[in-house]
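What follows draws every value from the coordinates through simple rules; no lab data is involved. Here the structure is a predicted model, which means the values were calculated and not measured. A quick note on method: Cβ atoms are made from the backbone with ideal geometry, for glycine too, and the neighbour counts reach across all protein chains shown.
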Number of protein chains: 2
Amino acid sequence: MKNKFLGYQCSQCNSEYNPEDVIYTCPRDGGNLDIIYDYPSLKQDHSPEKIKKSGLESLWRYLPLLPVGQVHGDGTPLQVVGLTPMFSPQRLSEQLGLRYLWIKDESRNPTASYKDRASAVVVARAREIGASVVVTASTGNAGAALAGMAAAVGQKAVIFAPKTAPPAKVAQLLVFGAEVLLVDGNYDQAFDLSIQAADEFGWYCRNTGYNPFTLEGKKTSAFEIWEFLLSQESIRSPLAIFVSVGDGNIISGIHKGFKDLLRLGWLAQMPRIFGVQAERSAAIANAFFAGTEQIIPVKADTLADSISVDLPRDGVRAIRAARQTGGAYLTVSDDEILASIATLGQVGIFAEPAGATAYAGLVKALQQDLVSRDEPVLVFNTGSGLKDVRAAMKSVPPAIVIEPSLKAVEAALHTPG
Amino acid sequence: MKNKFLGYQCSQCNSEYNPEDVIYTCPRDGGNLDIIYDYPSLKQDHSPEKIKKSGLESLWRYLPLLPVGQVHGDGTPLQVVGLTPMFSPQRLSEQLGLRYLWIKDESRNPTASYKDRASAVVVARAREIGASVVVTASTGNAGAALAGMAAAVGQKAVIFAPKTAPPAKVAQLLVFGAEVLLVDGNYDQAFDLSIQAADEFGWYCRNTGYNPFTLEGKKTSAFEIWEFLLSQESIRSPLAIFVSVGDGNIISGIHKGFKDLLRLGWLAQMPRIFGVQAERSAAIANAFFAGTEQIIPVKADTLADSISVDLPRDGVRAIRAARQTGGAYLTVSDDEILASIATLGQVGIFAEPAGATAYAGLVKALQQDLVSRDEPVLVFNTGSGLKDVRAAMKSVPPAIVIEPSLKAVEAALHTPG
């Protein structure tokens, strides 16, 4: 493994570190670390054909491009993360006037969100470094993903959540057997406490925008898109990718995946990457619009809880993902997000608010001519609507109540025979 | 297509009908109809090897053994139903002392339950007969599956649910764009009204235990198990399969799948099939224990809502699935179901109560020596825990609340470093 995983590079000051010298962020300036590979020898030893022939129907098919030594979780949910379906809903592409539209459905991951990709690789890393405990701060998808992937292989997990976390989300963590500590404070206090506890007790900390391995898991969707594009000879223009953005780690991961492929010489064209934020949780979009990399925290207030973030922990790389690829940022209102839940539902895709946010961003990007109708477009649904049924209820008008008679049916019907 | 789908046979009186002569149940005695195939020509034209080579990673790989003419739902969630993962959680097999244990995880279907299999085939059939509307009575998984699969291909769907249905479940139906009519009455009234409306308006009715195509969708998991067993040379004894039972249609479907394979001469040994019911919703188990096929309705009362059934609509075939295969029925308490949610969660599988019921049945079957530790065992998880988070909350003790300090962490911990 050593020969492919060369070390880390700080995304802020470009300092480089050996694998054994650091664990989390840059010791100099606290910047997020990118994992760097020995691309020349990877290129020599591997090829797109070889990956295709691996036969693994999960993100583990990309093992040569991941910073772990082996496939983990044989026969468990950890083994089946990734390789999510790409739907091509014709009614939506017609509605939008798009030539090509794909929806990559991350709700099909084992714990029903994109976060399983990150947790899969972090748990694999935890096994390889012999970590006794993996810890994270989270109330939502990241916590569920860590708890689920850890449970799959019998890895101990501790989750810090603010006391105000919805009991239903906490229940999922508990069912997965994680030890859950509800902190009498806000999310930032839970975040800081999880890092302190990791230091104190020698635990391995998964926190997003802190542990460099989450990005490596999250980059794998880029590989899946790339493999798909290789099979589509009719696609010549670069793909426009839309993804919702909270702390910025998913969009940065997607960008990293494509950058890895570019450095291997395996990617013909870098896709344009578009980040979509809720307008009342838009710290990264604000910086993008201002033309800086300076993130100013906001007081986040959106029903899309998975991307409701005051202080994004991976903002700089998230800005670059759009800026360096000819993409952009968009912001959408909660009402636009709710409308997109209903739109996606009508083609059989049930998204949580953060999942539907990217689609709302696409609608706006077309209005603003940021993408043309001829461009091939891919939109991520990052999480299942089952994660937040209350938001789903707000996205549609209520059902009609009728007496149990045919007459009442007839009177109520929108859908005659 | 005609040449493979020969017609129907009544499971009660054995009367046979041509495909165009009936739609739902036996006109003579109301018995459930089995779809019969031209097995000799199927055997001539197809083979296990050919199925394997189809390349389709869904239940559509079994198209030759399904009563529809083509694959439906290209590029939509309808196309990716089935071929669910089989996990082999080592900690559970060790805990139970079993040599081989697999968990087939149906929560990985597009709308997160086994019911997608049935709805996929019914929606395909609806398209082929040009149905304007598909209708069903349901509050839960079957309704979600129909609404989701119909939405995938733009098929209109109407769902009748009792007024008392949980708003969250109704929301999922509405998000999928189904027309939902809440009947001011109980489930049986909704069931009857849906059939009347189908007759009156010329709609196609999906009701479980009424439409013979649901069973054909549900049989496909048997094919997946069979294909898996073909690849396992070390397995010599017949498999013991555990599945939860409500109206009896899933267990009957699994049985039908294996019977199809037997008639094709492709199955070496019929698995033993074990049905598991909640003890306060046990109409089918009661009849099994009494040695009859006479189903006496009960007043169902279990937290496993997906298998809470007063009058099972597919009881006779469900009894035979166990009786004719050397299997049995078991009943389990709600507490045993809750305990199984926690047990499965600890290996990363999040099951709804009906999903965990089969595992609770396995635990009991081992206590009663109904299966031996040497027998290979497969347990179905039929639905996702995200469908019923309230039950999940009952399955585990609550989380601990702490002050935001390391001291408080240390004092609260079960999991030291």
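Shape class of the range A:1-45 from the alpha-carbon gyration tensor: prolate, with a/c at 1.5 or above and a/b greater than b/c.
Taking a quarter of the surface of the Cα convex hull of chain B gives a mean projected area of 21.9 nm². Axis angle, to the nearest 10 degrees, between helix A:115-128 and the longest C-alpha principal axis of chain A: 20 degrees.
Taking GluC sites (Glu not before Pro) across the range A:144-241, the ones in a DSSP loop with at most 16 further Cβ atoms lying within 10 angstrom of their Cβ are A:Glu233. Taking the inverse of the average 1/r across all pairs of different Cα atoms in the range B:245-294, what Kirkwood radius in Å do you get? Hydrodynamic radius (Kirkwood, Cα pairs) of the range B:245-294 is 12.2 Å. Structural descriptor for the range A:336-417: relative contact order 32 percent, calculated from alpha carbon pairs under 8 angstrom and at least 6 residues apart. Taking other C-beta atoms within 10 angstrom as a stand-in for reagent exposure, B:Met270, B:Met149 fall in the order B:Met270, B:Met149, fewest first.
Across the alpha-carbon set of the protein assembly as shown, the Rg to Rh ratio works out to 0.96, Rh being the Kirkwood radius.
Taking the C-alpha atoms only, the angle from helix B:187-201 to the longest principal axis of chain B is near 30 degrees. Among the residues of B:99-110, the average count of other protein chain beta-carbon atoms within 10 Å of the residue beta-carbon is 2. Any chance you could check the Cα centroid distance between the range B:82-144 and the range B:370-402 for me, in angstrom? Each part's Cα centre sits 17 Å from the other's. Subtracting the Cα-Cα distance of B:Ser405 and B:Asn14 from 0.36 nm times their residue separation leaves 133.6 nm of extension gain.
In terms of overall dimensions, the range A:63-123 has a Cα radius of gyration and Dmax of 15.3, 46 angstrom. Dividing the summed helix terms, -39500 (n - 2.57) for each DSSP H run of n ≥ 4, by the number of residues in chain A produces a 222 nm estimate of -11500 deg cm²/dmol to the nearest 500. Annotation: average projected area of the range B:1-135 is 11.4 square nanometres, based on the convex hull of Cα atoms across all directions. Between rounded, prolate and oblate, where does the range B:269-312 land on the alpha carbon gyration tensor, with a ≥ b ≥ c its root eigenvalues, rounded for a/c under 1.5, else prolate if a/b exceeds b/c? Verdict is oblate for the range B:269-312. As a proxy for reagent exposure, B:Phe228, A:Phe289 were ordered by neighbouring Cβ count within 10 angstrom, fewest first; the result is A:Phe289, B:Phe228.
Percent relative contact order of chain B, based on C-alpha pairs within less than 8 angstrom and at least six residues apart? Relative contact order of chain B: 15 percent. Each label was represented as a point 7 Å from its Cα along the Cα-to-Cβ direction; for B:Asp369 and A:Gln269 these points are 7.1 nm apart.
Peptide B:404-414 has a mean shielding of 5, counted as Cβ atoms of other protein chains within 10 Å of each residue's Cβ. The overall shape of the range B:329-417 is prolate: from the C-alpha gyration tensor, with semi-axes ordered a ≥ b ≥ c, the ratio a/c is 1.5 or greater and a/b exceeds b/c.
Size of the range A:211-350 from its Cα atoms: along the principal axes, largest to smallest, the extents are 43, 38, 26 Å. In the structure shown, the pairs A:Lys219/B:Lys387; A:Lys219/B:Lys52; B:Lys104/B:Lys387; A:Lys104/B:Lys387; B:Lys43/B:Lys219 are assessed against 24 Å; a Cα-Cα span above that value is assigned to A:Lys219/B:Lys387; A:Lys219/B:Lys52. Label-to-label distances for B:Gly69 across copies, nearest first, come out at 5.8 nm, using points 7 Å from Cα in the beta-carbon direction.
Look at the alpha carbon pairs under 8 Å that are at least 6 residues apart: their mean separation over the length of the range A:1-45 gives a relative contact order of 44 percent. Extension gain, B:Ala168 to B:Met393: 0.36 nm times the residue separation minus the Cα-Cα distance gives 79.4 nm. Annotation note: trypsin sites (Lys or Arg not before Pro) in the range A:278-354 located in DSSP loop regions with a Cβ neighbour count of at most 16 within 10 Å are A:Arg280, A:Lys299. Considering only chain A, the C-beta nearest to the rotation axis that sends A to B is found at A:Leu386, 2, the distance in whole Å. For chain B, the longest principal axis of the alpha carbon atoms and the long axis of helix B:220-230 meet at an angle near 70°.
Applying both filters, DSSP loop and at most 15 other Cβ atoms within 10 Å, to the trypsin sites (Lys or Arg not before Pro) of the range A:1-55 gives A:Lys2, A:Arg28, A:Lys53. Legend: mean number of C-beta atoms from other chains within 10 angstrom of residue C-beta atoms, peptide B:167-174, equals 6. Each other copy holds its own label point for B:Pro167; taking that point as 7 Å from Cα along Cα to Cβ, the gaps run 1.7 nm, nearest first.
Within the range A:77-176, the proportion of Cα pairs with more than 19 Å between them is 49 percent. Take the Cβ atoms of A:Gln44 and A:Phe228, set R0 to 22 Å, and the FRET efficiency comes out at 0.30.
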